[in-house]
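Peer 1: The structure's right below; bear with me while I get my questions together.
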Amino acid sequence: MKNIYLVSSDGSSPKTAVALGLALKLRDGGLKVGFFKPVGPGPGDEEASLFKEVLKLDHSLDTICPCRVGPSYLSEFYAGDGERGRILQAYDEIKRNAEVVIINSPPFPYIAASVGLEAESLVSSFDALTILVTKVENDHSLDQAIYYNYHLRMRNVHVLGNIFDDVSPPLAVKIEETYRPFLEKAGYSLLGVIPARVGITSPTVAEYYEALGGELLAGQNNMGVAVEEMIIGAMTIESALNYLRRSIHKAVITGGDRADLALAALVTGTSVLILTGGLYPDPKVIAQAEERNIPVILVGYDTYTTLDKMNHVIHHIKSSDEQSLAVARLNIEKHCRWQDILTSLR
Amino acid sequence: MQHVSDLVSLFQPKTVAVAGASRNPAKIGNIIVKNLITSGFTGRIYPVNPREQEVEGLSCYPDAAGLPQPPDVAVIAVPAAQAVAVADDCARAGAKHLVVVTAGFRETGTDGLRREKELVAVCRQHGVRLLGPNCVGLMDTHTPVNASFAGSFPAKGKIAFISQSGAFVLAILDWSFSIGLGFSRFVSLGNKADLSETDMIVEAAGDEQTKVILCYIEDIAEGRRFMDAAREVSRKKPIIILKSGTSSEGARAASSHTGALAGSDIAYSTCFKQCGVIRADTMAELFDLALSFAEQTIPGGERVAIITNSGGPGIVATDRVAKNGLKMARFNTQTIDGLRRSMPPESNIYNPVDVLGDARADRYGKALDLLVSDGNVDALLLLMCPAAVTEPLETARAVIATARRHPDKPLAAAFMGGPQLASGTELLKKEGVPVFTFPEAAIRSLNGLVEYGRIMAVPVSGEPLAYAGVERDAVREIITRVRKEGRPVLLGSEAANVANAYGIAAVPTLLATTLEETVKKAGRIGYPLVLKVASPKILHKTDVGGVIAGITDEDELRKGYGAVMNQVLAHFPHNVIYGVEIQKMMPAGNELIIGATRDIQFGHLIAFGLGGIYTNLLRDVSFRLAYGLTRGDVEQMIRETKAYTLVRGYRGQEAGDLAALVDTIGRVAVLVTDFPEIADLDINPVFLYAQGLAALDVKITISTE
């Protein structure tokens, strides 16, 4: 059976969920599934840990992801052939214990090109079918997908097909009516269109708390909820309600002395209330938050710093997150041509 | 209105237990027992405390279970940690009402909130009503009973004062002695865990000793229940309310203080207006009004006569009359002849009547007699400055005599001075004639009476709005679908469909996801048309090139489609775009706005005014709450705006279709009432024509707080 090599055409694509869905579906089919990430980002790669736990892999994290290239990797080592050898050795080890391996490329296919380890240079070593995953936002996303398909073809990489990921409901229509014809006319196939789901892509309150630190004042039991948007609460209360009501699953960032805004946030579908400037809120605000089980995080930073830190938070699916695992599986089952993928692998 | 006659025994108890009663005079539990005794309470007082044998000469009981009879009222003054258990003990012993003065509940945070919930649960379980916690207590001067820890007991009077602030209760009580003001009762609401301002207003309405109901509030607990009660009570007795937190900063302070999200101040003002409540802006005004209402009759009209002994104050008072929306009375011939005959030739015999600086009491008296008998005069104001020959005491007697002879006409005085006029001022206060230091307050107090007269003159509102043929299911279906997609904002086409389902003439709007679909649907609508980007997250579509009006053919449509998409995506590259909406281009009409926004306390607030670009510039908007709205209310809210001048036909323009406008506002109110999940609805602009109207841009946000 062939392996699957997932290549992302852009850094924002939540490829992990696709890889996870494919792995779970294959495992459901009774196969022993392995996971390999030849080139990963710097230290702290949660993806390798996730797959090790979900697939119950015996390999070390260094075997699952043997080569790590952070944003300044060239200052640290020169990889070249030696690194390639290490990658292939690790792959052999993974392959030995698996009937099929899901291989995930770095967030961008060009990563490690300086040392000859970009995505397409490795694929020939893995006996794998390549699937290109693209997050679709607008027409340029299609351009990007077609460009990478073309590029891979030029590099003699056979692309089994494309998965468009994290697709908003209105774009689904345009994909069917406009993007698919363009893609197929260019000679590439569309294997799936996966709808956007908040729980899969959006960071949770716990992840923001981890990044921000600070003091958790309420809602300790509800840290797993997703945060889809961030709203700065600096407006008058009358205009605030107008804005707050237009967003759900949001983080509201405001000063601890803005009891009015905090209370408005607590009644308008807020996932987390983040109070800046180290200003403790009135106890009545905390009581309201407790009553509604909404987390309140008090941070010492100003609003700008808080927002800046929050912007760097990325959601990582956890092995214990049953709901995300179920959604990942369902995405492949329901929104991709799973049988076609399976047949091709065989 | 909910009948709360069961609260009679709260104010007229036969037995009062004091849990936490103490012999220590520094303790609240001692002060309350003393207050009960010194207030002249004739019922039985049961101190309760396991550590005391006797308090203030009364036998003390170890617990409520051991009381000889169930108390009508149990005042609880024990530490917060014991309060719930003691409340349970009292409730089990058959107490009808609990007055919990203990602090340490909701106002202190999470643990306090939990404790407060437990306290309420105990009361609910035993069918006991709860005043407080965290309150000063209550007083009734006519029972008499003082179940509070206040430092004194007020004089008997006709004013019921209900306050969310305990501090105000104490401050006003102390101040009342300095001006000789009496009260029928004082109620400190505290945290309002059970009994609220609404219960107290309803109860005061049934109290024979109370003539006017005064409230200080920071928020209203149950908006709609309050509206029901206030509508009914205000017809029987005037309700005057000082609501704090009118500014953004004040509202923030109020939120911090009460822990409740304050509704908008516009909603409060609108509620008061719709329910016949008189709103005071300051503490001074609250009590100035109270004084007038307690002692004066409601005038038959708004025409004020002013008598003064100096020109300047007369002019100041005249300015205030005009500013308050009152009218200066125009005297009848008989009055003018009489004044001419009885006043010195230099006097001004027209309103304001200047009796001159050398006026003694007899001249004031003559002028008063003439003016009070004039059928064109509804209310009188007498101004006095201390001149050499001024006779304050005798003049005050003349004023009192006139007031006694003509109880049908309110009469206020402004004795503008200090010690020189004090004798007259004191006498007027003693005899119940409202007297002020300056004319502004006097005019405001007369205006309060006139305002109440106007409220009483308006017939009881008609039938609530209802429209046949509204398609509830169609709206429900759209909202359900939008919710399912996790969107809080409806697309323009969806909002137009919602409006149409309720008979609101929204211009047909079609959503198209692709260019070809747009072209096809444009054929159905016909040219000229308007093209708008369909993206609910974009608030101001025009600002980002998301709207093109006046498209006359397919070629322009195709170009426009590309232009809109490119410009919007250039501004918001990550925004979700549903496609475009195309809408029939409508001929221009008078641009109006109709809106609805859900207030936290009172439900939907309906707005009407000048629309389009003028909305924010001129802020010509009037408001009404949708709850209980009648056709008459809608007509009145239109008349309150400058837009009404346009609607009637300004400078030769054709008049707009007023009936269609009233109908549309009414339908909006019914729509948002039927679907409370509509948080905001905005139709801007509405084009009003000579025949009918067109709702061009409908925006709807849904939420479920």
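FYI, it's all coordinate maths here, none of it is from the lab. What you see is a predicted model, and the numbers here were worked out from it, not measured in a lab. Cβ sites come from the backbone with ideal geometry, for glycine too, and all protein chains shown count toward neighbours.
Peer 1: With the alpha-carbon atoms as the only input, what is the per residue convex hull volume for the range B:405-550 in Å³?
Peer 2: 283
Peer 1: Another question, if that's okay. Could you tell me how far the Cα centroid of the range A:52-66 sits from the Cα centroid of the range B:467-503, in Å?
Peer 2: Computed from Cα coordinates, the inter-centre distance equals 51 Å.
Peer 1: Here's something else I'd like to know. Can you tell me the dipole magnitude for the range B:385-490 around its Cα centre, using point charges on the Cβ only (Lys, Arg +1; Asp, Glu -1), in Debye to the nearest 20?
Peer 2: Computed charge dipole of the range B:385-490: roughly 340 debye.
Peer 1: Could you give the Stokes-Einstein D for the range B:110-217 in µm² per second, using the C-alpha Kirkwood radius, 25 °C, 0.890 mPa s?
Peer 2: The estimated diffusion coefficient comes to 172 µm²/s.
Peer 1: Charges only on Cβ, +1 for Lys and Arg, -1 for Asp and Glu: so what's the dipole of the range B:589-694 about the Cα centre, in debye to the nearest 20?
Peer 2: For this selection, approximately 300 debye.
Peer 1: Which one, B:442, A:102, B:297, is farthest towards the positive end of the dipole of the protein assembly as shown when Lys and Arg carry +1 and Asp and Glu -1 on their Cβ?
Peer 2: Selected residue: B:297.
Peer 1: Under a no-solvent Debye model with one identical scatterer per Cα of chain B, what's log10 I(q)/I(0) at q = 0.05, 0.06, 0.08, 0.11 Å⁻¹?
Peer 2: For chain B, the Cα-only Debye profile gives -0.35, -0.49, -0.79, -1.12.
Peer 1: Measuring from centroid to centroid over Cα atoms, what is the spacing of the range B:60-94 and the range A:138-161 in Å?
Peer 2: Each part's Cα centre sits 80 Å from the other's.
Peer 1: Treating the beta-carbon of each Lys and Arg as +1 and of each Asp and Glu as -1, no other charges, what is the dipole magnitude of chain B about its Cα centre, to the nearest 20 debye?
Peer 2: Roughly 440 debye, rounded to the nearest 20.
Peer 1: Please give me the summed charge of the neighbours of residue B:212: other residues whose Cβ is under 10 Å from its Cβ, Lys and Arg +1, Asp and Glu -1.
Peer 2: +2
Peer 1: Sort out for me the Cα centre separation of the range A:67-129 from the range A:179-200, rounded to whole Å.
Peer 2: What the calculation gives is 26 Å, centre to centre.
Peer 1: Further, regarding this structure: What percent does the relative contact order of chain B come to when contacts are Cα pairs within less than 8 Å and at least six residues apart?
Peer 2: The normalised contact order for chain B reaches 8 percent.
Peer 1: Tell me, what does the Kirkwood hydrodynamic radius of the range B:5-292 come to in angstroms if you use every pair of distinct C-alpha atoms?
Peer 2: Kirkwood hydrodynamic radius for the range B:5-292: 19.0 Å.
Peer 1: Right, another one. Which percent of Cα-Cα pairs in chain A sits in each 20 Å bin, short to long?
Peer 2: Calculated over all Cα pairs of chain A, the distribution is 29, 51, 20, 0 percent.
Peer 1: Also: When DSSP beta bridges are limited to those with both residues in chain B, what percentage is antiparallel, rounded to the nearest 5?
Peer 2: Antiparallel bridges make up about 50 percent of those DSSP assigns within chain B.
Peer 1: Taking every pair of Cα atoms in the range A:211-346, average 1/r, invert it to obtain the Kirkwood radius, and report Rg/Rh to two decimals.
Peer 2: Reported Rg/Rh (Cα atoms, Kirkwood Rh): 1.12.
Peer 1: Report the semi-axes of the equivalent ellipsoid for the range B:472-584 in whole Å, largest first, where each axis is √(5λ) for an eigenvalue λ of the Cα gyration tensor.
Peer 2: Equivalent-ellipsoid dimensions as semi-axes: 23, 18, 11 Å.
Peer 1: Could you work out the equivalent-ellipsoid semi-axes for the protein assembly as shown, taking the square root of 5 times each eigenvalue of the Cα gyration tensor, largest first, in whole Å?
Peer 2: Listed largest to smallest, the semi-axes of the protein assembly as shown are 70, 40, 22 Å.
Peer 1: Okay, next question. Expressed as an acute angle from 0 to 90° and rounded to the nearest 10, what is the orientation of the C-alpha long axis of helix B:311-323 relative to the principal long axis of chain B?
Peer 2: Around 40 degrees separate the two axes.
Peer 1: Please give the direction-averaged projected area of the C-alpha convex hull for the range B:296-457, in square nanometres with one decimal.
Peer 2: Its Cα hull, projected and averaged over all orientations, spans 8.1 nm².
Peer 1: With unit charges on the beta carbon (Lys/Arg positive, Asp/Glu negative), name the residue among A:295, A:212, A:276 whose Cα is farthest towards the positive pole of the charge dipole of the range A:203-311.
Peer 2: Comparing the listed Cα positions along the dipole, A:295 ranks first.
Peer 1: Also, quick follow-up: Can you tell me the relative contact order of the range A:268-346? Whole percent, Cα pairs under 8 Å, sequence separation 6 or more.
Peer 2: This gives 26 percent for the range A:268-346.
Peer 1: Specify which residue in the list A:172, A:259, A:3 is farthest towards the positive end of the charge dipole of chain A, using unit charges on the beta carbon of Lys, Arg (+1) and Asp, Glu (-1), about the Cα centre.
Peer 2: Working it through, the farthest residue towards the positive pole turns out to be A:3.
Peer 1: Whole number please: convex hull volume per residue of the Cα set in the range B:590-702, in Å³?
Peer 2: Measuring per residue, one finds 91 Å³ for the Cα hull of the range B:590-702.
Peer 1: OK, next. Taking K and R as +1 and D and E as -1, what net charge do the other residues with C-beta under 11 Å from the C-beta of residue B:239 add up to?
Peer 2: Once all neighbours under 11 Å are counted, the net charge is +3.
Peer 1: Under 11 Å from the Cβ of residue B:452, count the other residues' Cβ atoms, weight Lys and Arg +1, Asp and Glu -1, and hand me the total.
Peer 2: Computed value for this residue: +2.
Peer 1: Label residue B:645 and residue B:473 with points 7 Å out from Cα along Cα→Cβ: what is the distance between them in nm?
Peer 2: About 4.9 nm, to one decimal.
Peer 1: Along each principal axis of its Cα atoms, how long is the range B:314-355 end to end? Whole angstroms, biggest number first, please.
Peer 2: Sorted largest first, the three principal extents are 32, 19, 8 Å.
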